Structure formats: C-alpha cells, structure tokens
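A quick write-up on the structure given underneath.
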C-alpha cells in the first residue's frame with residue numbers, strides 16, 4: 001500500500017485530514033489528531049525490506065464511545081519471498097518487544113512521579129477549602145491535596161496479602177477536570193475506600209471517587225468501595241476482587257450514562273452536518289447536509305447479551321463510512337463485569353426529575369436531590385444483601401437490575417422485589433420503545449436545577465415567582481409544573497431563591513404587565529415604596545429601583561406626606577450595607593433589600609432566528625485557527641451566567657479588528673445586551689475616567705467600546721482587571737453616600753485597535769479574537785430586521801438550554817493565534833531580546849556569561865532593531881527574572897575576578913569560566929572596546 005493509498009483509506013473511514021503537511025508520522029507511536037477531544041488516531045511504521053521495498057504497517061481508527069474503531073493496514077505481499085516474509089516477521093516481533101519495553105519504562109516512570117506527588121501531598125484538613133469536595137458535598141477521606149489545591153486520588157494495584165502498588169494518581173483540579181500521570185498502567189488500578197478482610201461480606205465497586213464517597217456516606221460506611229476510575233476498568237478490578245475474595249458479594253454502583261439518543265443526534269450533527277437525526281427503525285434514510293451532500297443513515301435499537309439497550313448506526317457519505325455504537329457504558333460495563341465474576345448485583349441511581357441534565361451517578365443524586373434520597377434507595381438493598389447474599393449471577397438469565405427507558409428509572413435493585421423490565425427492541429431493527437418522556441413546556445427544562453436557577457419563593461406567602469416567564473403562581477401550579485418530588489427538594493434546598501413582593505411587577509391573573517404605576521400618593525403607597533437607609537439622608541425607591549435623596553422624595557411627595565411617612569411606626573429602615581445586588585436571590589429579605597429584579601425578556605424558541613445569530617458569531621470567530629473551539633467557548637461563556645444568574649465570570653472577551661462592519665457591536669450590544677435589560681450597560685473611556693461609578697451599580701453585563709486610548713492603555717488597565725476578577729465594586733454617586741456592591745459584572749471589550757488592551761504573557765483573563773471576515777450585508781440586514789421581532793428572545797432561549805458541560809466561572813480562556821500576536825506586540829524590548837537569545841537567533845550562544853558581555857550583545861540588538869536600550873543595572877535586574885544571576889569568581893585570561901554572572905542551565909561539562917569565555921569569543925566581544 002502506498003502512502004497516498006493509506007491516506008485515502010483513512011479519509012474513507014471518516015478520519016479528519018491529517019495536521020501539518022497532511023502526512024502521517026511513521027515512528028510506531030500513537031498519534032491523536034482532530035478537533036475537540038482528538039478522537040482520531042493512528043500508529044504506523046515504515047519498514048524497508050532487504051530488497052529495498054518499503055512497506056507501511058500498523059493501524060488507525062477513530063474513538064467512538066469505548067470503541068477505538070481499529071482498522072489494520074493491509075500488507076502488500078506481492079513479490080515478497082518466504083525468506084523476506086520471515087525477516088519481516090522477525091523485525092516486527094523485535095519492534096513489538098521494543099514497544100512493550102518502552103511502555104514498561106514509561107509506566108514505571110509514571111508510577112515514580114505518582115509516588116513523589118503522593119508523598120508531597122497532605123491529608124485533607126477541611127473539605128470546604130477544596131472547591132471540588134465542597135461542590136460534591138463529600139469529605140476528602142483516602143485522598144490528599146497538593147499545595148496548589150489539586151486533589152489527588154491514589155490508583156493502586158491491589159492483591160491479597162501483597163502490599164498495594166501505587167501506579168498513578170488521579171489529579172482533580174478545582175474546576176473538576178481530571179487527569180492521570182501520563183503513561184501510567186491503569187488496567188486493574190483502583191482506589192479502596194475502607195478496608196476489606198476475610199469477614200467482609202459485601203464489596204462495592206464504583207466508577208468515580210465522588211460517587212463512591214456518596215455511597216459510603218449514604219450507607220454509614222457499612223461497606224468498602226473500590227473505585228475503578230472508568231467503566232472500561234470495572235471488569236479488571238472485579239476479576240481481582242473475585243480472585244481474592246471468592247465468597248464476597250460484589251455490588252456495582254453503576255453510572256447511568258443514559259443519553260444515547262442525544263449522542264446519536266450530536267454525532268450526526270458534528271460529523272456529517274445532519275441537523276435532524278432520522279428515525280431509528282433499521283431502514284435507510286437519505287439526509288441532506290447544509291452543503292447539499294447526500295448521507296445515508298441506517299440505525300437500529302439493539303440490546304447486548306445482558307439486555308442493555310444500545311443504538312447501532314451505519315452512516316455513509318460518498319467514500320466515507322462510519323459504524324457507530326451508542327451505549328450506556330456505565331450500566332453495560334457493570335452488567336458485563338457482574339455476569340463475568342458472578343455473585344454480584346448492579347445498582348444505579350434513580351432521579352425524580354432529571355430532565356435533560358447529564359446526571360448519571362450517585363453523587364449527582366446526592367448533590368441534586370439529597371443524601372437522604374441516596375440512603376433511601378440503597379438502604380434496603382444493602383440490608384438485604386448483608387442478611388442474605390444474592391445468588392450468583394451466572395445462574396440468572398440476566399442481571400438483577402434492568403435498564404428502564406428514559407424517564408422510567410427503576411429504584412435500584414429494589415429491595416428484593418421483582419425488577420421492572422424495560423421493553424427491548426428486536427435486535428433485527430424496530431422502532432424504539434415508548435418511554436413516556438415527551439418534553440414538557442419549553443422543551444422539558446422544568447427540572448430541579450431550572451427551578452433553583454429561575455424560581456423564587458415570594459416572601460410572606462407560598463407563591464412562586466417564575467422570573468423567566470414572568471409568572472406568579474400558586475404552589476399547587478408550581479408542583480404540577482416541576483413534579484412533587486422536585487418541588488419538595490426545591491423548597492428544602494439551601495440554594496432556593498427568595499423575592500420580596502415589593503420587587504415584583506404588577507400582575508393580572510399572575511402575569512406581569514408593564515403598565516403598573518406608582519399609584520396615588522397616600523401613606524400606604526409610601527410605606528410600600530420607600531425604605532430609609534439608616535445612617536444616610538437617602539431612601540430606597542422600590543418602584544424605580546433607585547436610591548433617592550430624602551429631599552428629592554419630599555419634593556415629589558410633599559412635606560406633609562413625607563413627614564407622616566418618616567414618623568410612621570411601620571416605616572421600614574435598613575442599614576446601608578444591607579442594600580445589596582444579589583442575582584442569586586439568597587439573601588434574607590427580612591433584613592436586606594435585593595436590588596436585583598430578574599431578566600426582562602421571556603425566552604421563546606425559534607431555531608431559524610437562532611441559526612442567523614450563530615452564523616454571525618461563528619463568522620466573528622472564523623479567522624482563528626481553532627475557530628470551532630473558540631465558537632463553543634464563547635457560547636458557553638455567554639450561556640453560563642444566564643443559566644446561573646449572578647455567576648461572576650473570571651474571564652472576559654476581547655474582540656478586535658481594523659475591518660469595519662464585521663458585526664461585533666451588533667452581536668454583543670444589539671443581541672446580547674438587551675437580554676440583561678437594565679442590568680446591561682455600554683461603557684467607554686468616559687466611564688473609566690469618571691469620578692462617580694454609579695453606572696456599575698446593578699449591572700451584570702457591560703460592553704466596552706474603544707475604551708483605552710494609546711496614552712491611557714496602561715493607566716486604566718488595573719481598573720479593568722479588577723472589574724473582571726474583583727469580588728466587590730465601590731459605588732460612588734454625587735451627593736450620595738458611598739457603598740459597596742458585590743461585583744457580578746461580566747465584561748466584553750470591542751475595538752478596532754490591534755492592541756486594544758495590553759495582554760500580559762501569562763494572562764488568564766482574556767479570550768482574544770480578531771474579527772476579520774465580513775459576514776455579508778444580507779445576513780446583517782436579516783438580523784437587524786428581526787431584532788424587534790423575537791430574534792433576541794429566541795437566542796436567549798437557546799443560551800438557557802445550551803450544554804456548557806464542565807464550563808464554569810473559572811474555566812481558563814483558550815489561547816488563540818491573535819492573542820499570541822497581541823502578547824508579542826506588547827512585550828518589553830529586553831524580553832524580546834531574551835527570547836531571541838534563548839531561541840538561538842543571535843550569534844551569542846545561550847550559555848553562562850558575564851552580565852557586562854550580555855549587555856554588549858543587548859546594546860547591539862537594540863541598535864540593529866531600533867529599540868531604546870536600558871541601563872546595565874536595569875537590564876540585569878529585569879533579566880534576572882528569567883535567568884539566575886549572582887556574583888562569582890571567574891578567570892578570563894590570567895587574572896581571576898569577582899564578577900556578575902548569568903547562570904544558564906545546560907548539560908555542558910565546561911567550567912563556568914570556560915562557558916563565559918566561549919560566550920565572549922562567539923559573540924565577538926572585545927575587552928575594553
């Protein structure tokens with residue numbers, strides 16, 4: 001097979017284009033490529049036979065779920081003699097042996113690193129100090145934490161009567177991202193929560209640390225849990241447990257990876273541009289992509305040997321062919337492992353109102369509902385198994401727990417009752433079973449999570465305020481909308497919101513109307529509308545949502561009425577610091593006034609409108625090489641604070657470009673800002689320079705247009721940084737008392753300048769995108785025409801339902817080519833010199849040298865490129881931030897002197913004096929010149 005034939009075959013199997021020059025690297029190592037998670041891979045070698053013929057051997061594929069999709073490269077034996085064939089097989093065996101030895105060395109090195117990291121970490125003293133543990137509501141038992149807050153979970157190989165061998169550590173960052181030591185041997189590695197001995201009758205097996213900990217908490221640590229770290233590792237861990245403890249009952253606390261239909265639709269859209277997935281009925285369906293390509297899709301509902309449903313799909317487009325399997329990996333793997341080892345059961349969580357949330361394990365059940373819910377589901381199962389161990393599964397035709405259709409979960413193993421059996425489609429191909437999970441109003445987003453984000457209890461009543469749909473409803477209506485269990489969990493949840501009736505708009509039959517006014521001037525209105533801010537001469541106007549001077553109120557209402565209000569025993573009074581802006585709506589309204597009043601728009605779905613907005617946003621991102629990743633990151637950044645009102649993003653967006661008319665302002669100011677209503681703002685140079693900062697009060701979103709002139713680029717940058725990451729904002733207002741508000745302001749910056757703001761080399765605040773591509777007048781005109789006709793409401797609805805995955809306030813911005821250019825543009829001259837020296841771009845070698853000699857080279861560099869050179873002292877002190885500097889005895893020539901030396905780390909065995917002399921010679925530095 002020629003190289004061109006191989007590349008064509010790889011493309012024919014659906015792999016994306018190879019990066020770089022488009023040619024595969026043939027060194028026998030695994031190479032991953034492609035967008036996102038880099039699911040495509042290959043491992044190829046090129047062998048030259050004795051007759052001079054070259055052959056490419058190896059395999060390639062594309063990960064889909066747990067299937068690597070391996071395709072072996074066909075070997076061309078044409079013209080190959082038996083002797084040459086034997087020689088080839090011998091070489092192949094040698095290479096395989098070398099590869100195994102290389103992997104063993106890498107895994108040994110990974111284990112060594114893990115031991116060092118584990119030894120340096122400390123036990124968790126306070127779980128609330130660890131963001132991940134606090135979010136998961138678990139303690140840090142059996143884990144350790146590093147100095148920088150990284151949680152470490154040990155991965156060990158366990159064998160009876162043998163000391164456990166640490167092979168890796170799972171590192172969990174504060175944002176929840178996880179990784180193991182590179183190259184670690186993880187097959188069979190696990191983390192034991194608890195202890196196991198000959199008296200242990202019940203052993204639990206879970207995928208994740210958090211899930212295992214929740215099970216331990218719910219069962220009062222009655223059973224030990226072995227954490228396998230992944231679904232694919234369950235069987236290996238279970239085999240070792242069964243070998244060591246043949247009489248123990250194994251209980252698999254499985255993850256319910258239920259979203260197989262969603263993954264089917266997602267992959268068709270991402271890989272073949274098919275927006276509407278065809279019916280899963282075992283028949284061929286021809287679909288057209290946006291580019292009018294014809295794609296044939298055939299999909300089946302099937303069930304594996306353990307009756308776990310999955311979807312199989314065959315997708316073809318021209319020479320491309322994909323064979324996909326969408327399975328519930330958590331339950332399928334647990335059932336397969338349980339059947340293999342015997343005397344085992346499978347249990348998985350059941351959610352009261354999961355909706356479309358990706359809740360899968362017992363920790364999700366713990367966090368989203370309550371630990372008592374987990375306890376209620378597991379207690380009868382554990383009690384039954386501890387009192388009378390289950391029979392071996394090898395004697396049963398199927399696992400003791402069946403997988404119910406979406407929305408009809410069964411309660412775990414059911415405490416000995418007959419399990420509910422899911423309807424499984426004929427493997428030969430038939431429509432999916434009816435799951436009874438038709439989406440409700442607004443696409444089924446009425447879940448517990450939705451209610452916590454957008455519903456508030458009306459203070460002094462049992463009514464509920466829906467801030468999205470602008471509805472005040474009775475509790476019975478709320479229960480009907482979200483379900484009894486979800487309503488109960490919402491009412492008891494610590495994150496439930498509360499709103500004062502003073503903060504609600506006027507309603508007719510529960511629906512907000514816009515023509516509500518202040519009403520007539522009377523004392524009841526005054527008591528309801530105004531609150532005195534203690535220690536000041538100001539009042540809070542609940543109708544206009546503003547702070548008003550007492551004199552101004554008196555002018556508007558009259559001296560007599562104002563005086564009556566001031567002396568009235570029912571007049572409300574709060575401290576100034578109790579006037580807060582809390583979009584999370586969690587403050588005590590008996591003692592506080594919350595200035596936040598929700599978002600003004602009601603979301604209304606319209607896919608056609610959303611497509612236009614997405615085209616505009618993608619066009620803004622399209623100049624970047626990683627445009628797809630940038631596009632998804634920006635969408636997540638925009639969606640997260642709408643899905644979690646009050647979320648303070650620790651990052652900001654910077655879109656720049658000298659090209660006019662790309663749609664930056666249209667998107668960020670014309671479409672996004674109206675979603676926030678009065679909580680959105682547009683800022684400029686005047687706002688940054690203003691003495692008074694009232695414009696920042698009660699704001700969630702701000703668009704800055706050309707905020708920094710060339711002269712002020714650095715003087716105001718500290719203010720911008722604080723607005724992005726600061727916790728509080730000082731609010732100053734003319735003739736009013738200064739106060740402090742929590743900073744919930746999320747910033748977008750737009751500019752036509754190349755260096756709109758000075759980006760630092762280690763910046764973690766800005767996502768920088770250069771908008772160069774004009775979207776076309778037709779698209780812009782369509783969007784402008786629909787701004788007042790539902791386009792903004794449609795995109796608001798889209799953002800509320802957009803899947804942000806693990807994205808949160810602290811997710812670091814992507815590096816883009818534009819950001820790299822802006823960083824390089826703003827580097828100081830001395831640092832540009834240092835990078836050139838380190839990269840080998842200068843005649844002077846990158847090695848130890850005298851500070852005076854390096855300064856000579858630096859001065860030449862400045863003269864050559866038109867830089868203004870610094871003094872020797874400033875240059876040396878600044879460069880000492882990059883290269884170690886000290887006073888050393890150095891002999892250059894006959895005389896030995898105490899001189900200032902820069903120490904460059906290297907593998908050279910030359911003495912310090914020799915390296916300094918080498919630098920002087922190669923840099924052509926003449927002493928005394």
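List of remarks:
- Which numbered condition residue 585 misses (of (1) touching a strand residue (DSSP E or B) at 6+ places or on another chain (Cβ under 8 Å); (2) outside any helix (DSSP H, G or I); (3) assigned by TED's automatic domain parsing to the domain that holds residue 802; (4) touching a residue at least 24 places away in the same chain (Cβ under 8 Å)): (3)
- Hits in segment 589-617 - residues which are out of contact with any helix residue (DSSP H, G or I) (no Cβ under 9 Å at 6 or more places or on another chain) and free of Cβ contacts under 8 Å to residues at least 40 places away in the same chain: 611
- If you go through segment 538-564 and pick out every residue that is in contact with a helix residue (DSSP H, G or I) (Cβ under 7 Å, 6 or more places away or on another chain) and closer than 17 Å to residue 502 by Cα, you end up with 4.
- Restricting segment 565-581 to residues that are out of contact with any helix residue (DSSP H, G or I) (no Cβ under 6 Å at 6 or more places or on another chain) and crowded, with 19+ Cβ neighbours inside 10 Å leaves a set whose member that is nearest to residue 734 (Cα to Cα) is 579.
- When 543, 530, 534 are checked against the criterion of being at pLDDT below 90 and either closer than 23 Å to residue 748 by Cα or touching a strand residue (DSSP E or B) at 6+ places or on another chain (Cβ under 7 Å) (or both), 534 stands alone in meeting it.
- Matching residues in segment 1-43 - criterion: being part of a helix (DSSP H, G or I), closer than 23 Å to residue 270 by Cβ and touching a strand residue (DSSP E or B) at 6+ places or on another chain (Cβ under 8 Å): 9, 10, 11, 12
- Looking only at residues of segment 147-168 that are closer than 28 Å to residue 804 by Cβ and either at pLDDT 95 or above or touching a helix residue (DSSP H, G or I) at 6+ places or on another chain (Cβ under 7 Å) (or both), we find that the one that is surrounded by the fewest Cβ atoms within 10 Å (Cβ to Cβ) is 152.
- Selection of helices (runs of 4 or more DSSP H) fully inside segment 812-929 by the criterion of at least 2 residues being in contact with a strand residue (DSSP E or B) (Cβ under 9 Å, 6 or more places away or on another chain) and over 30 Å from residue 620 (Cβ atoms) returns 851-865, 872-879, 912-922.
- Inside segment 324-371, residues that are more than 26 Å from the chain's Cα centre (by Cα) and either modelled with pLDDT under 90 or assigned to a loop (DSSP other than H, G, I, E, B) (or both) make up a count of 2.
- Condition met for residue 834 (surrounded by fewer than 19 Cβ atoms within 10 Å (Cβ to Cβ) and modelled with pLDDT of 90 or more): no
- Hits in segment 803-826 (condition: within 13 Å of the chain's Cα centre (by Cα) and farther than 16 Å from residue 174 by Cα): 803, 804, 814
- Looking only at residues of segment 758-768 that are crowded, with 18+ Cβ neighbours inside 10 Å and touching a helix residue (DSSP H, G or I) at 6+ places or on another chain (Cβ under 6 Å), we find that the one that is modelled with the highest pLDDT is 768.
- Residue count for segment 44-60, restricted to those that are in contact with a helix residue (DSSP H, G or I) (Cβ under 8 Å, 6 or more places away or on another chain) and either at pLDDT 80 or above or part of a strand (DSSP E or B) (or both): 7
- Qualifying residue in segment 609-620 (condition: under 30 Å from the mean Cα position of the chain (by Cα) and not in a helix (DSSP H, G or I)): no
- Hits in segment 111-123 (condition: in contact with a strand residue (DSSP E or B) (Cβ under 8 Å, 6 or more places away or on another chain) and under 20 Å from residue 181 (Cβ atoms)): 111, 114, 115, 117, 118, 121, 122
- The condition (being farther than 16 Å from residue 831 by Cα, surrounded by 14 or more Cβ atoms within 10 Å (Cβ to Cβ) and over 44 Å from the mean Cα position of the chain (by Cα)) is satisfied by just one residue among 854, 892: 892.
- Residue in segment 648-664 that is within 23 Å of residue 786 (Cα to Cα) and in contact with a strand residue (DSSP E or B) (Cβ under 6 Å, 6 or more places away or on another chain) present: yes
- Whichever residue in segment 669-684 is in contact (Cβ under 8 Å) with a residue 40 or more places away in the chain and within 15 Å of residue 794 (Cα to Cα) and, among such residues, is nearest to the chain's Cα centre (by Cα): 672
- So residue 865, is it surrounded by 11 or more Cβ atoms within 10 Å (Cβ to Cβ), modelled with pLDDT under 90 and closer than 30 Å to residue 762 by Cα: yes
- Qualifying residue in segment 147-156 (condition: outside the structural domain of residue 242 (by TED's automatic domain parsing), farther than 15 Å from residue 227 by Cα and assigned to a strand (DSSP E or B)): yes
- Taking the listed residues 276, 286, the one that is part of a loop (DSSP other than H, G, I, E, B), over 17 Å from residue 260 (Cβ atoms), out of contact with any helix residue (DSSP H, G or I) (no Cβ under 6 Å at 6 or more places or on another chain) and free of Cβ contacts under 8 Å to residues at least 40 places away in the same chain is 276, with no other qualifying.
- Enumeration of residues in segment 456-480 that are within 30 Å of the chain's Cα centre (by Cα) and either closer than 19 Å to residue 798 by Cα or in a helix (DSSP H, G or I) (or both): 466, 467, 468, 469
- Number of the exception - residue 136 against (1) touching a strand residue (DSSP E or B) at 6+ places or on another chain (Cβ under 9 Å); (2) buried (at least 17 other Cβ atoms within 10 Å of the Cβ): (1)
- Scanning segment 14-32 for residues that are touching a residue at least 24 places away in the same chain (Cβ under 8 Å) and farther than 17 Å from residue 57 by Cα gives 14, 15, 16.
- Meets criteria (closer than 23 Å to residue 10 by Cβ, surrounded by 15 or more Cβ atoms within 10 Å (Cβ to Cβ) and either at pLDDT 85 or above or touching a strand residue (DSSP E or B) at 6+ places or on another chain (Cβ under 8 Å) (or both)) for residue 316: yes
The values are calculated or read from the model by the stated rules, or taken from the named source; none is laboratory data. None of these values were measured; they are calculated from a predicted model. Using ideal geometry, Cβ is built from the backbone for each residue, glycine included, and neighbour counts are taken over all protein chains shown.
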